[in-house]
Structures are given as structure tokens and as C-alpha cells.
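Enquirer: Pasting a structure below so you can have a look.
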Amino acid sequence: MKHIYIITFSIFIFCFNSIAQKSIRRPIGARGNGKTSRRVLDAIEHRKLETFFSAREYDFEGCSKFNKEDDKNLYNYFVTCEDGTFAKDENIEELYSASKRIKRNIYENHLLDDISEFTKTKLQNRLNELIQIKECLKSKDDSSCLLKKEQLVDNTIEELKEMRFNLALSSKPPKNKEFNEELSHSFDSIFSDDLPPLSEKEKEEVRDEYLDQSFRIHQEWLAQKSSGNPNCIKKLSPGIYTTNKDSLCSIINAYEKMGPENRLNNETREKYKTRYEDIVTNNPLLSHINLRGDEPRDEIFKQIYSALEKLTSATHKSLINVRKLKGSERATLLQNDLIVDQYINESGANEIKCDVLQSLKTDVDNSDMLYELSVAAGTLTAGAACIPLGLVCGLVVAIGGEAIAIKHIEQKYDHAKLSLNSGLKSSESVSDTNDERNIALIAAPLAALGIERSANIARKNPLYQELKKITHRVLRKKDPNYDLSSDIKGVRKKSEFRKKTEDIKAPKNKEELKKRYLNKELVDETLNQRWIDNAKVDAADMYLDVDNSAMKRLNDNLGDKELVTALTNMHKDVLSSKINKLLEKYPNIDIEIYSDFKSVRYAFTAKPEPSKIPPEFTELLDKAYKEANSEYAKMVKALDAIPESENAKGWFQAGTGITADQAGIALKMARRRDKKVNLPGMIPTKDLPGIVDFEYAKQLVKRDLEDINSIAQDFKNPSHPLNKAGLTEEIEGTDSLTLDTSLFEIVRKVPKPSEDNVIATMKKYESKPGSNMNYEQAEYYLKVKNIQKQIKEKHGVELDESQAQQVLNYGENLDSLTPGLWTAKREFASLDKASHGGMSGDVTGMGAQNMKQVAKDLANSNNTTDPREALVAIREGEEKITGVFKDVKKDFEQTVERILRERKIPFQTKCSGDDCVVIPEKELSLDDHRAMMKAFTQKDNPSQFRMSFIPRDVPSNARSQLAVNGELVEKELRKLLTGVGQGKITKERLDQITMGTRMPKEWSDGAIDLLYTSPTDISKEERELINKQFKEAVKLVNDKLNKDAAKEGKEEVYQYQTVEPTQF
């Protein structure tokens, strides 16, 4: 049987030439006088030289596809050269002469030549790259090199953190410790100093992982024992178990009492060790950096550059060493696993090549092992003979035997370190060599110290316990498919959350309430993300959405946002405790949980499929919700911090549905019952259960959809004032129209009428027969009037009352259909760390764009009035508009990066929600500010961002607020300027002007400077208007900030001044 291999690389040039060196031999078997002829003996010897041997397993990853299941599949074969290609001939018993057979040693020689040249080429390339990188990093003028420097520091910081994280869990810690806080590499001689110990933040992260893994192991153990211990182990939820704390279950509970250092098994620690080794192999720079990654960037870069110099030196030394290798010495290159795998990958793997490589590798490994075993054998023999002579003879043995082996292993270890630094060897191989070295050092004293003393020393070193395993281990790559990032953390945290079923103790007063609940998070981002992942694919059977629907009103009326936040968090605690208590009766119902500043959301799933949520569960859930509201209201009343007129039972509304969006819209419809009158779309309170289900709420949604479609049809009328004024827009791909974005801005920001104005309006209509207004009707009437006024002032368009109502209803109905925002972690783009000053950029118009997107989604779904279809279309649209906003923020970051890189200013940027910040590592000049604003002026939307610059030396807790105050000034200024006619600038023109405020160091007074520019010339009249209204805008902001401060009981007095604005 023959297998033909088309061969590449220089090793096979000799294929033709080697044939000519062979003579034709006759068939073996001729005998004379009963003796084997010399010709037969020669043929047998030739056959030995020509025989190749198949391997069962291969040390090289590129050859693993040729692994055999057992020894039965092993065979010997010849290799022949036919037409410039090699063929494998398994007809090994054919003893006829073969002119085309290749001697194995010739093949081996040329193969080693090829690997040697390949290694030298790779080393030379690596050396050239390292030299180029060093030169680039030294450059102070090349902007691309400056960018690479920053990227190198960023990548190193991330990899350092990951390396340290895995290293802390990769070996057994000291007694009663969960993990290793003091870190050192497994190949310690590479370093001049030990790594810094874990920081407090790192300890928290590592401990979290430790808890995850110990939880996983414990759960696996409980699952195994559950069937035999039904009274001691109970099911908490699908796939999760817990234990009874009964004394009769002491055997079960004993598991939990074991030392923390024993709660991770060796198999788990080995996984972390593999991850750690892979990280160091992929980036040998880390082997020379003794940092945490939280140090100043300059210090990190200094060590990176020093590490690059070490790697350059190691690579150069390796290249010299490889060039010196001759003859059989070249086979030592096969111990460099990375380079050999790369060679196989680039040259192509075939069974002949892999068999020869494995044979050579085994010879190299065995030559070392045989040498060490021969020394050990000699030691053991001498030790046995010396036993009667006692200690002295033992010392001689130690010096005469183990010392030689240790020296030999030290040489191997030095070679392994050099190979790692040169990129030839993986850190796993270095670590294995180090284990070998350490075991030799541990084992050496055994003969000298005697069995008892030696055993005591050995027990203290865990490496001794692995002596036999390491001696007999075949070094292989670990399972690449094992993933330590599977969501054990989420399962653990969810089970911990679900166990919280105790009654909540009421705080005694407002101070205790804030202390307990102001900063309390019901769940963290891990569980939030699980819920989001579930909700995106509607994976649950039922969703529950609950929020503080009165939050905005409470913030306005109470004037204490901290109090309202604490009250909201307390309700979450009360409600979740009730629901979790209910879930104890339903261990086969799984949950996911979500919480943000305002709401709490559950996802309920019956398991195993195709199970369903029992009908009575929905009724009991509604009961638990009502009980929670009632209990909560009593707790709030006892605080004596809320006006008697407030009804805390009605603050929190709830909705359910078979999708998360259905539950969300049911919640929004539930809010309408918190009214005293039946306005259009109102649900009478008496008709509602505690929780509003989507099946009930969908009738209201359908009515809203019909209203939206009807109003949109009116907008299409050519005589409609908004259509005539160009304030409507066609929706691409449809025949529908929607409003201009500026009108959505007006609807979103129509102010809530003051109580005095509402009451005055009610009295005004009392005198008119049949025209009495209640409070809500008067409030609605004033909003409509405000809409009329703003549209006339800003666009010069007069609407009658019914048309203004249309605009208000259209916008509010669309707003009510905007999907809920799901954010795993509420992040803030903060300037707290901007000690050198910084910049904020607030994205404008996001709320209005969201409303407009809903209109587009409905139009693109053929103006459906089916609530289910509408919600699906709206959620898809939300993903599109989210992508648009991500692009906007990405463009902000790239624009800032381009300007500051050109100016060689190191910086960091961060965006969250609709806010972005820039934190430079040195103070930005006025010229820097102008350069950034000029860059944004060239964009399609020059007013996309409200920019505010803060100076250096502002107290850290005031920096972000100072920037926000600057944004408020610009917002008020644009309000004052926007309009038609005398003393106004049209919105279209104002959108082409980029503005930025330069704030003073004093966070409540000092002079504010305004910078503004435009891609087109700004007229004298426009400049005068901007300068005039800037002073008025600052005055309005002072008034607003002082009013808010007074409402919250703060004493700050805002007295910002102005300087003459700067146009450039």
C-alpha cells in the first residue's frame, strides 16, 4: 500500500539525488551450503536503515490528527521517491531491492536542516521586529509610533491583570487562605524581583472567582449526593441545591466546614495554570514586568521598554546558539514546541514528516531522561550499599549523584528560559522543566537526611507530592476547549439572591433609611446581564416589570433625591423578599433578575421544558406584589418623612407579559391608573388587578397605535400648517410622514406647569358655564398652550388648539411606546480623575431621535395596530438607533484622538449614555480647545455635542458637576437664541454653530467663557445676539442651580459671571 505526499521546502531537494547513490540489489533469499549469504545480511542491514516507524501519539499539535487509538494500528514502512514526491510504502516484507527507497538518516538530516534554517529565519525576523519596535517607541515625533506606544501600554495593562488573576488561583494557597495573595511565577529565575502582591481590588476580583469555582464544585457534589440524602439536600431551583442545617445532616454540612484552601480541586487549579502559561507564552514581555497594571503609565512603559531590551538580547543569543548547532545537536530544536508547530503549520503536515519528527523528539527526550535515570540508578545502588555506613555515606551519594543531575537540569532550565524569551518555547514547557528542577532539589537531601527528616521536608513542598506524576508525564497541550469563563458566577449569585426570603426590618427614621438603602444594589451587573440576554430572545415563560412610577414627581416635590433613591431601593428589597418566599414553593421555576435605579424586573421559566408556569403562580405573584406594597406603605409612614397626602401604595406599578417588552408596556399602561380622572387612554383603577397583564393593557396600546396613525394621516394634508412649513418628514420606504426632530424636542421638554398656574387656570374656567376643569385637565390645557407658543416662536408657525393637541398626543403616544432601556451596569462618564482638567461632550437630541425612531418603526410595519407586532418592530428599531448613537460616540472618541495625538497629548476618553469625557494627562490650552471645536465644526452636524472644558486644580468631587453646569449654559443659550424674526437665529442656522464653555476653577462662581465657531461666516448681527443672550443664559442657570440647591437643603450660592464670548 502506498501513500503519495507532495512535498515542499528544501528538505526534499535531495529526493532525486539520493536515488543515484543506491545500487540495485537482488532478491534476498539465495542460500548456499545452509548458510546465510553476505548479500542477505547486507540486505537486512540496509532494510533497517531504510525502515520508518509510525508513532502512536505525537507531541506536536500539528501532527495530532495522525494519533492512533492503540498499538494495533502501529506499523513500519519504507519511503520512496517517485517523480519528485515521497511515497509511503507499507509493504515492509517486500525484500526485493528498491532503487527509490530513502534511507531514514538522510531524510532526518535534511529535515533537521530545514527546521534549523526555519528557526534561524524566524529568530532573525523576530530580532528585526524587536529592534524596529524599540526604535519606534523611542520616537518623539512619529504620531503613529506614539499611538503604538499607547496601545502597547493599554494591552500590557490588560494582560498583566489577566495573568495575575490566573496566577493567584493556579496553585494551592497557604492554610486558611482562599488564594495566593503573594505572587511569584512558576519559573522564578527569570525575574530579579517577585511580583507585587494583589491589590485590594484584585483580591476582590480573585475572591469572586474563587467563590464561583468552589460553588460549582460544591453543587456538583450536592447533585451526586442528593438522591441518597433527600432530607439533608433540597432543591432550591432548577439544577441548584442547598442543605438543611439540621444536626442530623452533619456529614453533609461538614463539606462546608473544610478549609478554604481545599475548596478548589487540583483539576480546577490546573486550568488556571494553563491560562496563565498561555498568557505568558503569547506575550513574553510579561515575564520581565513586575507590576500590577495600576501604576502610572510612564512607569509601566519604562518596564515594558526594559523588557523589550531583555527580549532582544535573548533573541540575539538564541540566534547565535542555533547557528552553532551541528549534526545531531540540531535535534534539540525539537524541544521548542512553538517553533516546531509553526514549522509544521507552514510546511504542511504529513505522516512521514510527523513520524520522523516524533522519533527524533523521543530520542532527544530519552537521552536526557536516560542520563538522569542512570545517575539516579547509580545513586540508588550506592545508597543501598552505604546504608550500614550511615549518614556520611549518604552525603557522598548526594554529592556524587544528585548534584550531577541537578546541574544537568539547571542547564535545561536555562535553555528553556532563553527559548521562552525568544518566542521558541511555551511557558508550559518552561514550567515543566522548572518542576523537574525543583523536584531534583527537593529529592537531593533525601539520602543525606534520612527517611524521617526528609519526609518532613518533602511534605512541606507540594511539588514532592507530584514527583511521580511529573516523572512519568508526557507533556501535552491542555484541552483548548475548556472555558473557565462559563457563567458559574451568575448561577452562584442568582442562588444567593434567591435565598433572601427573610422579612425586611423597617428603618426607624430617614437617616437610618439612607444609611441602609442609599447605595444598596439589589443585584449587580452579572445578574443584570443574564436577564438582558434572556430578554433579548424572549427565553422565559413570563416577565414581570415593576418601577417607581412616581419617582420624578417625588424628586420634584420632596426636593431630596437621596431620600427618593433610598425609598426606591427599600421597595425592591421588600418586593424581592416576598417573591423569593413564593418561589420556595416552586423550585422548578427558574428566574433571572434585573435592577436599575428605578425598576426591578423578573423573568420566570418553568423547567424542564415543556413545563409551563402554573396558573395559580400568577395569582400568588399578584398577591405577593400587593402585600409588598401594603407592607412598604406602612414602613414609609412610620418614617415620618413623607407628607400625609402621599399614598406610598400607589408609587410602584407593575406589568407582566410573555416578553420583556410586553411586560414593560403593560407597566406603562398601569401608570395611567394613578390619575384622578379619565383622560383619553386612562384605565379606571377599579378595573385593575394589582399587576397589569399585557392581555389587558394591549387594548390601550391598540388605541394609542390607532391615534398615532390617524394623526400622522392629518400631517399628510398639504394644507396642514406643519406640512406647509416643512416641519414634517417623509419616512423612507413608506408613504407616511412624521414630525421634524425639533418638534419632538419641544414635546419632550414641554415644562410641567406650576401648581399656581394650574389652579389659576381652573379658577378662570369656573366662571364659564359647562367649562369646569379639574387639576389634570387644566395641566393638560397649559401644556397644549405651551406647544402652540413654542412652535410659533421657534418656527413662526401658528397652530390652533386642536392641532397643538395633535402634536402633544402624537409625541406622548410615541414616547409611551419607546422600549425600556436595558443596561447591565449604570456607568458614568466622570471627570473625577481629571486632575489636569478635561472636557465633556453631551450628545444632543437622543430622546427626540428615539421618539422619531418609533414613528419610523410603526410606518415600516405597515402602520400596524396589532400591539404584539408593533412591540417587535419597535424593539428592532431600538437596536438600530442604539447602533447610530454608538457610531456618534465612536466618532467623538476618534475625533478627539486625532487632534490630541497630533499634539502629542496623552489622554483617556470614556462615553456612557449620552455623555462623553476626555481626561488629558496635561492641561489643555486655549489653542487645544479651539482645535477640537474646529474639528467638530467640520462634521455633518456641528452642534452634535455640547462641549464644556474645565481647568486643572478643581476639587475632584466638583469636576463633573462643573462641566454639567457649562452644558446647562449652552442649553439655555440655544433656547434663548432659537426662533424666527427679530432677535432670533433660526434653528437651521444655529445647528451649524459649534459652541463650548470654558469653566472657571471655582465651581459655583467665577467667569465663564464661551467659544463658538461655524464652517460658514458668522454675521455681526449673529455675534451680537450670541454675546447678549450668553449673559442672560448664565443668569438663568444661576437661578436654576440656586433653586435646586435650596430645594435639597444645600447652601451653595451660584454666582457665575461672564467674559466676552470668543468667536474664532
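Laboratory data are not the source of any read-out in this text; all were calculated from the coordinates shown. All figures in this text were calculated on a predicted structure; none of them were measured in a lab. Don't worry about glycine lacking a Cβ; one is built from the backbone with ideal geometry, like all the others, and counts go over all protein chains shown.
Enquirer: Under the Karplus relation 6.51 cos²θ - 1.76 cosθ + 1.60, θ = phi - 60°, what is the ordered set of whole-Hz ³J(HN,Hα) values for the range 618-628, x standing for Gly and Pro?
Expert: Each residue's phi maps through the Karplus curve to give 4, 5, 5, 5, 4, 5, 5, 5, 5, 4, 5 Hz.
Enquirer: While we're looking at this one, here's another question. Going down the list K752/K910; K235/K489; K161/K825; K122/K317; K520/K623; K581/K634, which pairs span over 24 Å between their C-alpha atoms? Could you put the intermediate results ahead of the total?
Expert: On the way: K752/K910 33 Å; K235/K489 19 Å; K161/K825 21 Å; K122/K317 14 Å; K520/K623 26 Å; K581/K634 20 Å.
Going by Cα-Cα distance, K752/K910; K520/K623 fall outside the 24 Å limit.
Enquirer: Okay, next question. Ordered by packing density, taken as the mean number of other Cβ atoms within 10 Å over each peptide's residues, highest first, how do 597-609, 808-820, 897-909 rank?
Expert: Details: 597-609: 18.1, 808-820: 21.0, 897-909: 16.5.
For the peptides 597-609, 808-820, 897-909, the packing ranking is 808-820, 597-609, 897-909.
Enquirer: Most exposed first by the Cβ proxy, i.e. fewest other Cβ within 10 Å, how do L195, L169, L137 rank? Mind dumping the intermediate values first?
Expert: On the way: L195 20, L169 24, L137 17.
Ranked by crowding around the Cβ, least crowded first: L137, L195, L169.
Enquirer: Among rounded, prolate and oblate, which fits the range 704-817 when a ≥ b ≥ c are the square roots of the eigenvalues of its C-alpha gyration tensor, a/c under 1.5 means rounded, and a/b larger than b/c means prolate?
Expert: prolate
Enquirer: Oh, and also: Straight-line reach only, C-alpha to C-alpha below 16 angstrom: list the aspartates and glutamates that K724 could link to, leaving out same-chain residues fewer than 8 apart.
Expert: The reachable aspartates and glutamates, counting only those whose Cα sits under 16 Å from K724, are D714, D740, E798, D800.
Enquirer: Cross-link partners among lysines for K140, C-alpha distance below 21 Å, same-chain residues fewer than 8 apart left out?
Expert: Counting by Cα, and skipping residues close in sequence, K140 has these lysines nearby: K148, K149, K302, K904, K922.
Enquirer: Lysines near K637 by alpha-carbon distance under 16 Å, same-chain residues fewer than 8 away left out - which ones?
Expert: Excluding near neighbours in sequence, the set is K505, K508, K510, K514, K649.
Enquirer: Separate question: List every residue whose amide H lies under 5 Å from the amide H of T728, counting only residues 5 or more places away in sequence or on a different chain, with H placed 1.01 Å from N in the peptide plane.
Expert: So T728 has HN proximity to D740.
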